[in-house]
Amino acid sequence: VVQSAKPIIGSAADTPRRAISAVAWRELSQEVAAWDDLADQACAPNPFFESWYLLPSLEAYDPRGVLRVLRFEHDGRLAGLLPLVRSLKYYGRPVPHLASWLHDNTFLGTPLVASGCEVEFWHAALGWADGNAGASLFLHLSDISFDGPMFAALSAVLDAQGRKGWIVQREERALLLSSLDAEQYRSSALSSNKRKDLRRRMNRLAELGEVRFVWQDDDAGIEAWCEQFLALEKSGWKGENGSAMGQLAAKAAIFNQSLTVAAKRGKLLRLALHLNGNLVAMLSTFVAPPGGFGYKTAFDEQYGRHAPGVLLENEFLSVLDHNRFDWCDGCAAADHAVVNEFWRERRPIAKLSIAIGGLLRRQIFNQMLRFERGKTAIGVQA
């Protein structure tokens, strides 16, 4: 039998030094400066929960302001954020639950928490969930980095409280992390035949005219760059099936607004491949020290036989010579063939389900774990 954990929020254990509440996200738009300070002091970076990305996302997908953000305060300062939603569906099944809120282009769900506050945040967040469960049967957290301080702190809190927490899905995605320089890394990661093929494709492309790789980490021409990217993506197969960002108002708005502000703040790294002055391939990466986070790529499919997207990925390895960040999370699907071929390190990402509320609710939660769509559930503490 799982013992019911004592809620910290609203109990005698709570103190004026720590507070947590679920606030309307528009309230947070009034404290962007504090939010930005939190991002700078976070124990684990997550650009997708920074103000310049999350606010446009919420505005695009929740214009009525229904969604809430779990706001954690420590010693009078903003020390933690996690957007939440009460959902009636759990991967298509009618199961009410609390969940972290992410959209299709949010590639990391790790809460934004100030360094040193990891354990206190999870105590507070789980205590809040216990006291505000409503009809929700459990808490579901998506795309949590398995290798960082937030996951370690969560595991410790669950263990201390005797609270069940399960990894219901785990995958590994491409990570660029190496002390080698770019050329050394290429030699170690790519076969000699692959490197030869890349040189051949580059030479064939150069036969068509002047080829240039253009790096940018400022905001020069950012509005035009975004427009060109959306047009390039729309010109290919995504445009044909209606999934290009430029064809979807919410995604286009998030792309334009977030990249523009990120560039102005020095948080965006852009790389483009030009042929005779025309854009052939484009790539964007968010910079959130000490790491980088791959965001979007696009290429002109009429040059498909020259593999411009692959040539761009090959050039991107030059970041190892720039010391722009210590590592880069590809934010790509675990089976992404191109990125997996070039980047040999891996970052584990997990989806978690966690028991909340009283004994009966937790017993129902335990039974539900048996029906996790054929996936093997692994105890977080295991």
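Within region 180-214, the set of residues being more than 17 Å from Phe299 (Cβ to Cβ) and not in a helix (DSSP H, G or I) comprises Leu180, Asp181, Leu190, Ser191, Glu207, Glu210.
Which condition breaks for Ala262 when tested against (1) in a helix (DSSP H, G or I); (2) free of Cβ contacts under 8 Å to residues at least 60 places away in the same chain; (3) within 25 Å of Thr110 (Cα to Cα)? Every condition holds for Ala262 apart from (2). For Ala334, the conditions (1) within 28 Å of Leu205 (Cα to Cα); (2) surrounded by fewer than 20 Cβ atoms within 10 Å (Cβ to Cβ); (3) in contact with a Lys or Arg (Cβ under 8 Å, 6 or more places away or on another chain) all hold with the exception of (1). Do the conditions hold for Leu232, that is, is it under 30 Å from Leu177 (Cα atoms), of a type outside the set (Val, Ile, Thr) and touching a Lys or Arg at 6+ places or on another chain (Cβ under 8 Å)? When the stated conditions are applied, Leu232 does not pass them. Filtered by the rule that a residue be touching a Ser or Thr at 6+ places or on another chain (Cβ under 7 Å) and outside any helix (DSSP H, G or I), region 43-64 gives Cys43, Ala44, Asn46. Taking the numbered list (1) modelled with pLDDT of 95 or more; (2) surrounded by 12 or more Cβ atoms within 10 Å (Cβ to Cβ); (3) farther than 30 Å from Leu126 by Cβ in turn, Glu207 passes all entries but (2).
I'd like the full set of residues that are open to solvent by 50 Å² or more (accessible area, probe 1.4 Å) and over 21 Å from Ala189 (Cβ atoms), limited to region 300-326. The answer is Glu301, Gln302, Tyr303, Arg305. Close contacts from region 186-209, counting a first residue that is closer than 21 Å to Leu176 by Cβ and a second that is loosely packed, with under 12 Cβ neighbours inside 10 Å, with Cβ to Cβ under 9 Å and a gap of 6+ residues or different chains, come to none at all.
Is it fair to say Tyr61 is more than 27 Å from Ala133 (Cβ to Cβ), modelled with pLDDT of 95 or more and of a type in the set (Phe, Trp, Tyr)? Here the answer is no, as Tyr61 does not meet what is asked.
Pick from region 126-179 the residues that are in a strand (DSSP E or B) and among the basic types (Lys, Arg): which of them is surrounded by the fewest Cβ atoms within 10 Å (Cβ to Cβ)? Here the answer is Arg170.
State all residues of region 215-245 that are open to solvent by less than 40 Å² (accessible area, probe 1.4 Å), assigned to a helix (DSSP H, G or I) and more than 21 Å from Glu313 (Cβ to Cβ); if no residue qualifies, say none. Talk me through it step by step, then tell me what you get.
As a first pass, look at region 215-245 and keep what is open to solvent by less than 40 Å² (accessible area, probe 1.4 Å): 222, 225-226, 229-230, 232-233, 236, 239, 242, 244-245.
From the residues that got through so far, the ones that are assigned to a helix (DSSP H, G or I) too are 222, 225-226, 229-230, 232-233, 239, 245.
Hits for region 215-245 are Ile222, Gly239.
If I filter region 148-169 for residues that are more than 25 Å from the chain's Cα centre (by Cα), of a type outside the set (S, T, N, Q) and under 23 Å from Leu320 (Cβ atoms), do I get at least one hit? Checked region 148-169: no residue is more than 25 Å from the chain's Cα centre (by Cα), of a type outside the set (S, T, N, Q) and under 23 Å from Leu320 (Cβ atoms).
The values are calculated or read from the model by the stated rules, or taken from the named source; none is laboratory data. Everything numeric in this text was worked out from a predicted model, so none of it was measured. Cβ sites come from the backbone with ideal geometry, for glycine too, and all protein chains shown count toward neighbours. Heavy atoms of the whole protein, side chains included, go into the accessibility calculation; ligands, DNA and RNA do not. Shrake-Rupley method; radii C 1.70, N 1.55, O 1.52, S 1.80 Å.
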